[in-house]
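J.: Before anything else, here's the structure in question.
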Amino acid sequence: MKFKGYKFILPLAVAAVGLSSCDSMFREEPFDKLPATVIWGDEHLVDEYVLPWYRNMDPGFYTFVTTIMKGLGSEYEAWYTDQMTVGKTEWYQGDYGNILKSMQQDITTRGRTEWFKFYTQINSINTLLMNEDKLAPSVRDRVVGEAHFFRAWYYYQMLRKFGGTMIMTRTYDPLVDNVRFPRATYEEMVKFICDEAEEASRHLPESNTDANIGRPTKGVCYMLRAKTYFWAAGEHFQNAEKGWLGFPDDRSGEMLDLAAAEYDRVIATGQYDLIPILGSTRDEVVAEYRNIFLTKNSRESIWEVQHADDGDFSYANGHKLDRDAAAPSFGGTTAAYNPTQNHVDEYRMANGKRINEDGSGYDRANPYEGRDWRFYANILYDGAQWKGHTMDIHYTVVNGKEVAGEDLTKYGTSETAAVSRTGYYMAKFLNERQTIDTDETYGSSQNCILWRYAELLLDYAEIDFKKGRVGEALNKVNRIRRRVKMPDLQTLTWDDLMNERRVELAFEKSTYWDLLRWNVAEKYMTGTTNPLYGVKIVVKADGSKTITNPVVNGRNTVMRYFRSMQYYMPIDWDDVRYHGLEQNPGWIEM
């Protein structure tokens, strides 16, 4: 990669502060530039130096979707799965829509952006590690631990998005250095990531003080090792033709064993557990379950993006999740998060039975009665209660015409306003108390959880299942079900396990990556094989209903494609030429 003009001159914030304030943690307004040599001996300036490692690790809920006139895109993975789509037609004409339609130019641009972002942070980390002996003694051990953790983190992101890449452990400037780096093999990448995470764990504490909330700990390092092995065990990465695309043989069993050992280390720290739900009624369970995702840095959370407490969107690391997800009745104009009927059908009945498994407990005229209680926590459907409002997501026949309900009617006079394309709105992650008004500078503040204990249990259950320990897998799944007062499963199939994962982790960032590592992305993210459905409810003059499930994103509307080449993004073409690298299969230079 080519850091044109990069001289390692560091922007400093107006006030040097630590991580004790989430608000200040992400304020990077530079007023001056100083040589790097001035930084290392000052603990406050070193903390400022590491901020971009945190800021660039994941956008969290800070999501910007393009229109046809703008060139930046979203990184919210859930939009590319079959669980969710977006409401604004214009977004299908921009970067997001073009990637959804598998257009090479847009995916290449996205890949190049990611490639440079990761290597920029890796180069910054390498610079610090080459100067670690100069660091202020008061922060040296902790900052060195953070550096090794984030070097592992960014290479983990690159492994998932590009396969084997160039492993660099020193600063590199192509304007000065006449050196070429080869692509690492999958085995080399996995070893490097896990070695770096292990080294980080030696420097970091088991738990953070209040002043250091949000920094990685030993448990987070072990989780990164576990996740790396768990990813590398995926079906898609075995018996690969090229060493940087996967293993030359089937190493899945070995990788699963290594992942299990790391999950055991996370558990052994004693720092994490499921947040218990004390209520017993449906409404009590729904409220407590929703609150899991509104509680910052809870016992269940292992690693999360720290969003600003004051929700300041214009200056700090706030976001607009609540505003972007809101229905028109609450002032929403974006309708950015539309759950699909495909996902709604994944919620089984409260008695544990599948939809229509034997015809019992399911009333086609009242499809939202008697469902898994997580459905009511995650989905806003016609008739659901939200902020004291009954969701009006149906049509009523008046004088022979279908009249859209309040939550299907565009808010205000904005020509670009949108409503749900699917007949559903998202409730998970959202704060019913969040004010939504015309102040575009003020946003939401809830953190974005990247890894939590429920996901650890589901990962481990998958390992147990694949290793033949079905009883142990069943126990882990039932721990999660008992938490939401759902009955235990008596037996466990692969379909049961996959379904539980997709319900418990609905809309979370793991769902997209699950489709890739299970080697089923081409099926689930292509409209011809898996069209996205919505619901249309029409109430007739006599009070009777008709319920249909139109295609909203598939055969007859905006098409979705996922081709085998998309398991990996194209690496930057400049680096292909400069370093003499072999490009990922299927990509041509645009």
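J.: Looking only at residues in segment 329-346 that are in contact with an Asp or Glu (Cβ under 8 Å, 6 or more places away or on another chain) and outside any loop (DSSP other than H, G, I, E, B), which one is modelled with the lowest pLDDT?
T.: That would be SER329.
J.: Moving to a separate point now. Suppose the filter is part of a helix (DSSP H, G or I) and within 14 Å of ARG452 (Cα to Cα); does ILE275 pass it? Give the steps one after another, and end with the answer.
T.: Numbers: part of a helix (DSSP H, G or I): no; within 14 Å of ARG452 (Cα to Cα): yes.
No; evaluated as a whole, the condition is false for this residue.
J.: How about segment 243-254: which of its residues are open to solvent by 80 Å² or more (accessible area, probe 1.4 Å), within 20 Å of ILE463 (Cβ to Cβ) and in a loop (DSSP other than H, G, I, E, B)?
T.: Passing the criteria: only ASP250.
J.: Exactly one of these conditions fails for ARG482: (1) part of a helix (DSSP H, G or I); (2) surrounded by 15 or more Cβ atoms within 10 Å (Cβ to Cβ). Give me its number.
T.: (2)
J.: Hey, can you tell me all the residues within segment 101-130 that are touching a residue at least 24 places away in the same chain (Cβ under 8 Å) and either outside any helix (DSSP H, G or I) or touching a His at 6+ places or on another chain (Cβ under 7 Å) (or both)?
T.: LYS101, SER102, MET130
J.: Quick check, is GLN93 in contact with a Ser or Thr (Cβ under 9 Å, 6 or more places away or on another chain) and surrounded by fewer than 18 Cβ atoms within 10 Å (Cβ to Cβ)?
T.: Taking the combined requirement at face value, the residue satisfies it.
J.: Continuing with this model, one more query. Quick check on segment 158-188: of everything there that is under 21 Å from GLU198 (Cα atoms) and without any contact (Cβ under 8 Å) to a residue 40 or more places away in the chain, which residue is surrounded by the fewest Cβ atoms within 10 Å (Cβ to Cβ)?
T.: Looking at residues that are under 21 Å from GLU198 (Cα atoms) and without any contact (Cβ under 8 Å) to a residue 40 or more places away in the chain, I get GLU188.
J.: Further question: Given the criterion open to solvent by 10 Å² or more (accessible area, probe 1.4 Å), over 27 Å from ILE449 (Cβ atoms) and of a type in the set (A, V, I, L, M), identify the matching residue among ALA240, ALA261.
T.: ALA240
J.: When ARG112 is evaluated against the numbered criteria (1) more than 21 Å from the chain's Cα centre (by Cα); (2) open to solvent by 10 Å² or more (accessible area, probe 1.4 Å), which criterion, by number, is the only one it fails?
T.: (1)
J.: Scan segment 565-590 for residues that are more than 27 Å from GLN341 (Cβ to Cβ) and among the polar types (S, T, N, Q) and jot them down.
T.: Passing the criteria: GLN583, ASN584.
J.: Here is a follow-up. Being modelled with pLDDT of 95 or more and exposed (fewer than 15 other Cβ atoms within 10 Å of the Cβ): is that true of LYS401 here? Even if it seems obvious, please write down each step before you answer.
T.: On the way: modelled with pLDDT of 95 or more: yes; exposed (fewer than 15 other Cβ atoms within 10 Å of the Cβ): yes.
Judged against the criteria, LYS401 is a match.
J.: Additional query: If the Cβ limit is 6 Å and pairs must be 6+ apart or interchain, which residue in segment 191-217 that is part of a helix (DSSP H, G or I) pairs with which residue that is of a type in the set (Phe, Trp, Tyr)?
T.: Between residues of segment 191-217 that are part of a helix (DSSP H, G or I) and residues that are of a type in the set (Phe, Trp, Tyr), the close pairs are ILE193/TYR155; ILE193/TYR156; ALA200/PHE149.
J.: While we're here: Is it the case that LEU321 is among the aliphatic types (A, V, I, L, M) and either without any contact (Cβ under 8 Å) to a residue 40 or more places away in the chain or in contact with a helix residue (DSSP H, G or I) (Cβ under 6 Å, 6 or more places away or on another chain) (or both)? Can you show your working first?
T.: Working: among the aliphatic types (A, V, I, L, M): yes; either without any contact (Cβ under 8 Å) to a residue 40 or more places away in the chain or in contact with a helix residue (DSSP H, G or I) (Cβ under 6 Å, 6 or more places away or on another chain) (or both): no.
When the stated conditions are applied, LEU321 does not pass them.
J.: Restricting to segment 115-169, and then to whatever is of a type in the set (A, V, I, L, M) and under 24 Å from the mean Cα position of the chain (by Cα), can you tell me which residue is nearest to GLU188 (Cα to Cα)?
T.: For segment 115-169, the residue satisfying everything is LEU159.
J.: Further question: Please determine, by comparing only the residues of segment 278-311 that are touching a helix residue (DSSP H, G or I) at 6+ places or on another chain (Cβ under 7 Å) and not in a loop (DSSP other than H, G, I, E, B), which one is most open to solvent (accessible area, probe 1.4 Å).
T.: ARG282
J.: Hey, among ILE68, ILE9, which residue is touching a Leu at 6+ places or on another chain (Cβ under 9 Å), modelled with pLDDT under 50 and either among the aromatic types (Phe, Trp, Tyr) or surrounded by fewer than 17 Cβ atoms within 10 Å (Cβ to Cβ) (or both)? Reasoning before the result, please.
T.: On the way: ILE68 fails: touching a Leu at 6+ places or on another chain (Cβ under 9 Å).
After applying the criteria, what remains is ILE9.
The values are calculated or read from the model by the stated rules, or taken from the named source; none is laboratory data. Nothing here was measured: the structure is a model prediction, and the numbers come from that model. Reconstructed Cβ throughout: ideal geometry from the backbone, glycine too, with neighbour counts over all protein chains shown. Ligands, DNA and RNA are stripped out before the accessible areas are found, and what is left, the full protein with its side chains, is counted by its heavy atoms. Shrake-Rupley method; radii C 1.70, N 1.55, O 1.52, S 1.80 Å.
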